[in-house]
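J.: My structure is below; once you've seen it, I'll send some questions.
The values are calculated or read from the model by the stated rules, or taken from the named source; none is laboratory data. Being a predicted model, the structure only gives us computed values, none of them experimental. FYI the Cβ positions are ideal-geometry reconstructions off the backbone, even for glycines, and counts take in every protein chain you see.
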There are 2 protein chains.
Amino acid sequence: MTNAPDVPRLVVTEPDEAIRALRASGLRLSTARRLLIEALFAADGPVSAQHLVQTLGLEESSVYRNLEVLERHGLTRHVHLGHGPGLYALVGRDEGEYLYCERCGKVTLLGPDELDPVRDHIREHFGHTARFTHFAVVGVCQGCGSATPAAAAGATHRHHHGH
Amino acid sequence: MTNAPDVPRLVVTEPDEAIRALRASGLRLSTARRLLIEALFAADGPVSAQHLVQTLGLEESSVYRNLEVLERHGLTRHVHLGHGPGLYALVGRDEGEYLYCERCGKVTLLGPDELDPVRDHIREHFGHTARFTHFAVVGVCQGCGSATPAAAAGATHRHHHGH
DNA sequence: GTGTAATCAGGAACACCTTGCAATTGGAGT
DNA sequence: ACTCCAATTGCAAGGTGTTCCTGATTACAC
């Protein structure tokens, strides 16, 4: 499994609460699970699985498996910003939708509703409900866009419309 | 390198033309290169690198390296639809922007301008120029969305009561 | 406590992609 | 046609995830 779009969200505010929620779902509390939950609470933003492997001294497979289990039960989630490793976080922390600049790597976190006009437009025109919580909106940020006239030269012929 | 956003596009209509363009860029025509170009012309849509490896009997690294070289020189491109392997194609074939349904895998190819209103909105509000040619717009298609009322409720205002 | 069964961790293997290096080869110049 | 040298390939290994299997743990009933 790579992503759990339809799971009820479990927003918890401390490790014990997460552990209770976990048990309520019929899951057990293993050492790896406890360490992961504590680390996610301690983190101040989404972190890579690799980071957790190294800082917690756990097996890779255990980390990925548990992140997936927790995600399937609504406790955690992960986001992909372009290429590169996925970043994992607790549900309810640093949530929203992401803009990612593929030139400089800048990440902009938007509130959950800020892209609603975009979502509405896409749904009305194409019947597709977009979600940028799992895959970021990839593009070029303001600084990078204005800093590279060469880009305009190359991409211009796609649609020559006055910006 | 993972992506070449700023390369002048080289749209060619037959293998020989691609080969001339390639030589004009100072590249050599190796067997692997020729086979790849021919296969991309023969394909009727974006294909995975793995598919090329198998059908052409080439080394993996050679395929990936050459797809990257060709992309850096504006002859090919690739797109990511959610998780799963990237899909490679000639520049000028099946181009546009993609909607990808993460439930059923359905892919919708939009014309190059169809998401301009969305792009404009995002640029005006967030100073970010979005490009959905490399990463698809991931979400839920009409069929899958209506089949799962739970999802529709969650998408607009995310509040959950037990179900 | 002890027993039991389902869950879980460790490890290897695999999928996708990238990188480093030695050996090979394309093709320009002669 | 031959030489030569950089471009290119093959091979091996690494990085990010995912999956499978088997032995160890956990939770729970006694």
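J.: Kindly provide the set of residues from the stretch A:68-81 that are surrounded by fewer than 21 Cβ atoms within 10 Å (Cβ to Cβ) and within 10 Å of DNA strand D (Cβ to nearest atom), ordered by number.
T.: The initial filter retains those residues of the stretch A:68-81 that are surrounded by fewer than 21 Cβ atoms within 10 Å (Cβ to Cβ), namely A:68-69, A:71-74.
If the condition is that a residue be surrounded by fewer than 21 Cβ atoms within 10 Å (Cβ to Cβ) and within 10 Å of DNA strand D (Cβ to nearest atom), then A:Glu68, A:Glu71 are the ones that fit.
J.: A further question follows. Taking A:Val12, is it more than 13 Å from every other protein chain (Cβ to nearest Cβ), assigned to a loop (DSSP other than H, G, I, E, B) and more than 15 Å from DNA strand C (Cβ to nearest atom)?
T.: Details: more than 13 Å from every other protein chain (Cβ to nearest Cβ): yes; assigned to a loop (DSSP other than H, G, I, E, B): yes; more than 15 Å from DNA strand C (Cβ to nearest atom): yes.
The answer is yes for A:Val12.
J.: Just give me the residues in the stretch B:12-33 being of a type in the set (D, E, K, R), within 13 Å of DNA strand D (Cβ to nearest atom) and surrounded by fewer than 16 Cβ atoms within 10 Å (Cβ to Cβ), in sequence order.
T.: Taking the stretch B:12-33 as the starting set, the residues that turn out to be of a type in the set (D, E, K, R) are B:14, B:16-17, B:20, B:23, B:28, B:33.
Next, only the ones that are within 13 Å of DNA strand D (Cβ to nearest atom) stay: B:23, B:28, B:33.
Passing the criteria: B:Arg23, B:Arg28.
J.: Determine whether B:Cys104 is under 26 Å from A:His78 (Cα atoms), more than 10 Å from chain A (Cβ to nearest Cβ) and modelled with pLDDT under 95.
T.: Values: under 26 Å from A:His78 (Cα atoms): yes; more than 10 Å from chain A (Cβ to nearest Cβ): yes; modelled with pLDDT under 95: yes.
Yes; evaluated as a whole, the condition is true for this residue.
J.: Residues that are of a type outside the set (A, V, I, L, M, F, W, C), at least 2 per element: which strands (runs of 3 or more DSSP E) completely within the stretch A:78-146 meet that?
T.: Details: elements: A:87-90, A:97-101, A:107-110, A:137-140.
Fully inside the stretch A:78-146 and qualifying: A:97-101.
J.: Being in a loop (DSSP other than H, G, I, E, B), away from DNA strand D (no atom under 12 Å from the Cβ) and either in contact (Cβ under 8 Å) with a residue 40 or more places away in the chain or surrounded by 18 or more Cβ atoms within 10 Å (Cβ to Cβ) (or both), is that true of even one residue in the stretch A:37-56?
T.: As a first pass, look at the stretch A:37-56 and keep what is in a loop (DSSP other than H, G, I, E, B): A:43-46.
With the extra rule that they be away from DNA strand D (no atom under 12 Å from the Cβ), the set shrinks to A:43-45.
Pick out the ones that are also either in contact (Cβ under 8 Å) with a residue 40 or more places away in the chain or surrounded by 18 or more Cβ atoms within 10 Å (Cβ to Cβ) (or both) and you get A:43, A:45.
Yes - at least one qualifying residue is present in the stretch A:37-56.
J.: Still on this structure, please answer the following. What residue, among those in the stretch A:57-67 that are in contact with a Leu (Cβ under 8 Å, 6 or more places away or on another chain) and more than 9 Å from DNA strand D (Cβ to nearest atom), is farthest from A:Gly92 (Cα to Cα)? Explain how you work it out, then say what you get.
T.: The initial filter retains those residues of the stretch A:57-67 that are in contact with a Leu (Cβ under 8 Å, 6 or more places away or on another chain), namely A:58, A:63, A:66-67.
Then drop every residue that is not more than 9 Å from DNA strand D (Cβ to nearest atom), which leaves A:58, A:66.
On the way: A:Leu58: 25, A:Asn66: 18 Å.
Only one residue fits best here, namely A:Leu58.
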